[in-house]
1. Hey, can you grab everything whose amide H is under 5 Å from the amide H of residue 317? Only 5+ residues off in sequence or another chain; H modelled, so Pro and N-termini drop out.
2. Using only the heavy atoms of the protein chains and a 1.4 Å probe, how would 39, 77 rank by accessible area, largest first?
3. Given an 8 Å cut-off on Cα distances and at least 6 residues of separation, report the relative contact order of the chain as a percent.
4. Working with all protein chains in place, sort 112, 79, 325 by solvent-accessible area computed with a 1.4 Å probe, largest first.
5. Given Cβ point charges of +1 (Lys, Arg) and -1 (Asp, Glu) and nothing else, what value in debye, to the nearest 20, does the dipole of region 200-280 about its Cα centre take?
6. Determine ³J(HN,Hα), in whole Hz, for all residues of region 242-251 in sequence, where each value follows from phi through the Karplus function 6.51 cos²θ - 1.76 cosθ + 1.60 and θ = phi - 60°; x replaces Gly and Pro.
7. With a 1.4 Å probe and all protein chains kept in place, how much accessible area does residue 340 have, in Å² rounded to the nearest 10?
8. For 42, 218, write out the residues from largest to smallest accessible area, computed with a 1.4 angstrom probe and no ligands counted.
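The values are calculated or read from the model by the stated rules, or taken from the named source; none is laboratory data. Values in this document were obtained by computation on a predicted structure and should not be read as measured data. With ideal geometry, Cβ positions are generated from the backbone for all residues, glycine too; neighbour counts draw on all protein chains shown. What goes into the accessible areas is simple: the full protein's heavy atoms, side chains included, and nothing from ligands, DNA or RNA. Shrake-Rupley method; radii C 1.70, N 1.55, O 1.52, S 1.80 Å.
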Amino acid sequence: MKYDYIVIGGGIIGMTTAREIANRGASVAILDRQSFGNEASRVAGGILSPMRPWIENKDSIALSEKSKTLYTNFIHELKNETGIDSQLIRSGLIITNKAHSQETKIWAKKNKIELIEKINIHYPKLNIPNHSILLPEIFQVRPTLLLNALYKSLQNLQVKLLENSIISHIQIDKNEFKYITLSNHKKIYSNNLIITAGAWSKLVLKSINNEVNIKPIRGQIINLRSNKSIIDKIILDGAYYLIPRHDNNILIGSTMEDVGFINKTTDLAKDQLLQWGYSIIPQLIETKLVSHSAGLRPAASDGKPLIGLVTNFKNIYINSGHFRKGILQAPASAKLLADHLFGEPSFMDIHNFSLEYRNNTKKIA
Ligand SMILES: Cc1cc2nc3c(=O)[nH]c(=O)nc-3n(C[C@H](O)[C@H](O)[C@H](O)COP(=O)(O)OP(=O)(O)OC[C@H]3O[C@@H](n4cnc5c(N)ncnc54)[C@H](O)[C@@H]3O)c2cc1C
């Protein structure tokens, strides 16, 4: 069989992209070297907001804003299709860092975003400074549930799911993708190839393109369980944050570590995250540590994802490099690419995220 599309990489971006394309009637195979959703996407906190929107470039902001508008429907449709509720919750986000709360005030005013300055919440012993602010309209989703829902949705859509499939060769002929050969010598043919391999996207493309500038940035996160509800708002303090889940689990994240492809947890990070958590909510000392995980965020060199055609190829596309916002930006990124592939008008120009555009602006600069 020859598919319309093969998608390489079964994280949130690959699965959302495969679903979007299959929903439009194309035949799709999605392939991963392990089981789907086992890397950065599974570890993510699921905050549906950039951490510091005032330093983001305008294209990335536009993509994030579009995704926010798509999220309610996205989760609702997935629940209807699969029965899995990905727990989209309007948690609100408290910002405690002084400089960041000042910057957020300016940004919120400029963008007409609702913001509360005098936070009136009465959790026991919550150590947050008076200058803290609350953004009430920030949502969270539960990535592990979302990945399960996407998996089931792809099954329902008859997408070919190729897990534990190791690529040994990508066949190109005159700038055109032809087929993939797997380590078991099986060939998979398709009219188009889409790379969604997160932090590994550059490695997947290494033999055919050297312009994809995405590198891994490790993030570590811990999961605590409480036997009662302690807080219902997300708290963000510089790089660290605390995310309360529906079921009294509390996540504390995250580190930002430039350590290459070493995807391991460290005791140092665990201690730092716990100490920060206890300093904000001393009651957390009574909670149980459930897990400690690490994931590699795909960081593009200029801070915005790569979406669109890979330079010099007729039928190889990329959707990758979403760094700290892959969960947030997945629905809009998939829509932008699918609109382009199906020749439909979209909410913004895909060239803002394409490799050609970046190369041209580099030449101008
Ligand atoms: C600690 C932490 C917290 C985060 N919190 C948030 C948050 O609150 N909100 C948010 O929006 N984002 C968050 N992120 C970022 C988010 O997790 C990523 O942006 C997103 O998961 C990237 O998705 P992806 O599908 O591109 O990559 P991944 O989920 O890493 O998936 C890539 C897939 O490609 C596969 N692959 C790699 N190489 C190959 C190959 N050669 N052949 C086949 N398959 C291959 C991998 O096995 C993997 O399944 C967080 C990240 C971390 C680490």
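1. For residue 317, the qualifying residues are 193, 194, 195, 310.
2. Details: 39 50, 77 80 Å².
Highest to lowest solvent-accessible surface, that is 77, 39.
3. Details: 781 pairs, mean separation 86.4, N = 365.
Taking the mean separation of contacting Cα pairs over the length of the chain, I get 24 percent.
4. Details: 112 180, 79 95, 325 15 Å².
Largest accessible area first, the residues go 112, 79, 325.
5. Numbers: 10 positive and 8 negative charges, 45 e Å.
Once rounded to the nearest 20, the dipole reads 220 debye.
6. Once rounded to whole Hz, the list reads 10, 10, x, 8, 4, 9, 6, 6, 10, 9.
7. Using a 1.4 Å probe on the heavy atoms, I get roughly 80 Å².
8. Values: 42 85, 218 15 Å².
Sorted by accessible area, descending: 42, 218.
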